Amino acid sequence: MKQRDVIVIGGGLAGLTAAIHLAKNGLSVLVFERHAYPKHKVCGEYVSNEVIPYLNSLGVNLNQLPLPQINQLLITTSTGKEINQDLPLGGFGISRYAFDELLYQKAKELKVDFIFEKVKDVVVMEEMYSVSTRNDSFTAKLVLGCFGKRSNLDQHFNRNFINKPAHWVGIKAHYKHPNFPVNKVELHNFDGGYCGLSLTETNYVNVCYLAKYKSFKQYKNIEDFNENVLRKNKHLNRFFNEAELAFDKHLAIAQVSFEKKERVENDMLMLGDTAGLIHPLCGNGMAMAIHSAKLASEEVLAFQKHQSKPILFENYTQKWKMNFESRMKFGNYFQKLFMHQKLTNFGMAIGSKMPFLVEKMIQKTHGKPIECS
Ligand SMILES: Cc1cc2nc3c(=O)[nH]c(=O)nc-3n(C[C@H](O)[C@H](O)[C@H](O)COP(=O)(O)OP(=O)(O)OC[C@H]3O[C@@H](n4cnc5c(N)ncnc54)[C@H](O)[C@@H]3O)c2cc1C
């Protein structure tokens, strides 16, 4: 089989966006994805508007879906205190089922090739990379690591974070609700975690939460945990009384890690969650994954001219830091604050009197609309 310019490992948001960007600029791209599209994923499905100019520039037409436009945030504590806040930039609700499928169709239109298999190994040779699955091997001049939060490849390459404890579980389902506000994303704190609610294009409400494994494992199952822990927050209790589960069952992921990761490893640029996962309460991991695809693609296109891997690696690492490092840091602080009941109550009391402080906090973890040339 012919050698590609680029192999992308992982066809989530980062991988698909990079594949589109590179194919649009004339490169031959092969994407490996272990699951067929469309597919539901554990994710809050609120996307910051910062991605819109970039996705438009790639010809990704979001307007073909009836996307709820979200410009309000409601935050509540486990004791029921609440703050309503305008979202300075705002966002939209979209299911991963539809979003990944939309990008996949765009990539196919641009003649990106797909193989639906799990990558087992990547070997770096002088002038090229060899990527192997269980059945075959493929070569490319460059490889992008877009394999998400936690993958067999993290284990395979013995990445630093993989041996550290990962304390979180993520749960998601869609619910039918008679009158959930279209323009609002809600973030509800409960003992040991927090839960986001927002509408998607399906008109179902995405209910997605992150919980400490330690508190989760005390209960028999997800229903039991929802009943005994989430419902203690009166806002969540009201929601569950009024809503009806639209999925057959909840989706769950374990061992979610927020440890620092390297942005270049095994001579691969790491994109999206493969380079680091921001705390979901910030609501912009997807925007960062898409933005990192832009940064990486631009450097890959520059590499076609200078052909220097050290320059490629250095430039990408610097740009990643410039764009995301401080957002990750603030995300970390806010998560710690939000998980601490007394501090959250205190913060809410101040925030309700000085809403500009809450707005400042939101801005610290969000980017500006991504500039496109
Ligand atoms: C509980 C929770 C809630 C969240 N809520 C939000 C939110 O509301 N808003 C937001 O912006 N962000 C949210 N996020 C973050 C967001 O989901 C991620 O940042 C985003 O999905 C990252 O995209 P990605 O492309 O890096 O990874 P992914 O979308 O996870 O894609 C990685 C892909 O790689 C594939 N893969 C892995 N290993 C291999 C292999 N060996 N071979 C082939 N394929 C492979 C996987 O199948 C997967 O499709 C949330 C995260 C969590 C955990």
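What follows draws every value from the coordinates through simple rules; no lab data is involved. Quick caveat, the model's predicted, so the values are computed rather than measured. Glycine gets a Cβ as well: all are built from the backbone with ideal geometry, and neighbour counts include every protein chain shown.
Note on ASN158/GLU82: beta-carbon distance plugged into 1/(1 + (r/R0)^6) with R0 of 30 Å gives a FRET efficiency of 0.10. Take each peptide in 111-117, 226-232, 214-220, 185-191, count the other Cβ atoms within 10 Å of every residue, and average; sorted highest first, the result is 185-191, 226-232, 111-117, 214-220. Distance between the 7 Å Cα→Cβ label points at SER130 and TYR213: 3.5 nm.
Each listed q (0.06, 0.10, 0.13 Å⁻¹) maps to a log10 I(q)/I(0) for the chain from the Debye sum over equal C-alpha point scatterers, namely -0.22, -0.62, -1.04. Dividing the mean sequence gap of close Cα pairs (under 8 Å, 6+ apart) by how many residues the chain holds gives a relative contact order of 23 percent.
Cross-link partners for LYS164 among the aspartates and glutamates, with Cα-Cα distance under 19 Å and sequence neighbours closer than 8 places in the same chain left out: ASP154, GLU259, GLU262, GLU265, ASP273.
If you run the Gaussian network model on the chain, springs between alpha carbon atoms under 10 Å, then out of ILE278, ILE311, ILE52 the most flexible one is ILE311.
With 26 Å as the limit on Cα-Cα distance, the pairs of LYS172/LYS319; LYS106/LYS141; LYS214/LYS261; LYS118/LYS184; LYS108/LYS368; LYS220/LYS342 that go past it are LYS172/LYS319; LYS118/LYS184; LYS108/LYS368; LYS220/LYS342.
Applying 1/(1 + (r/R0)^6) with r as the Cβ-Cβ distance of LEU337 and GLU117 and R0 = 51 angstrom yields a FRET efficiency of 0.75. Calculated mean residue ellipticity at 222 nm for the chain: -10500 deg cm²/dmol, from DSSP H runs with n ≥ 4 weighted as -39500 (n - 2.57), summed, divided by the residue count and rounded to 500. For region 1-114, the Kirkwood radius over C-alpha pairs fed into Stokes-Einstein at 25 °C and 0.890 mPa s yields D = 156 µm² per second. Computed over the chain with a Gaussian network model linking Cα atoms closer than 10 Å, the most mobile of GLY11, GLY93, GLY192 is GLY192. Using the Cβ-Cβ distance between LYS108 and GLN255 with R0 set to 30 Å, the FRET efficiency from 1/(1 + (r/R0)^6) comes to roughly 0.40. Taking every DSSP bridge with both residues inside the chain, close to 70 percent are antiparallel. Roughly what percent of Cα-Cα pairs across region 220-373 reach past 21 Å? Value for region 220-373 (Cα pairs over 21 Å): 60 percent. By the gyration tensor of its Cα atoms, with a ≥ b ≥ c the square roots of the eigenvalues, what is the shape of region 127-261: rounded for a/c under 1.5, prolate for a/b over b/c, or oblate? Prolate, since a/c reaches 1.5 and a/b exceeds b/c.
Relative protection proxy for 239-251, 29-41, from highest mean packing down: 29-41, 239-251 (other beta-carbon atoms within 10 angstrom). A cut-off of 5 Å between modelled amide H atoms, ignoring neighbours fewer than 5 places along the same chain, links VAL112 with no other residue. The distance between label points at ASN25 and LYS2 comes to 2.0 nm (points 7 Å beyond Cα on the Cα→Cβ vector).
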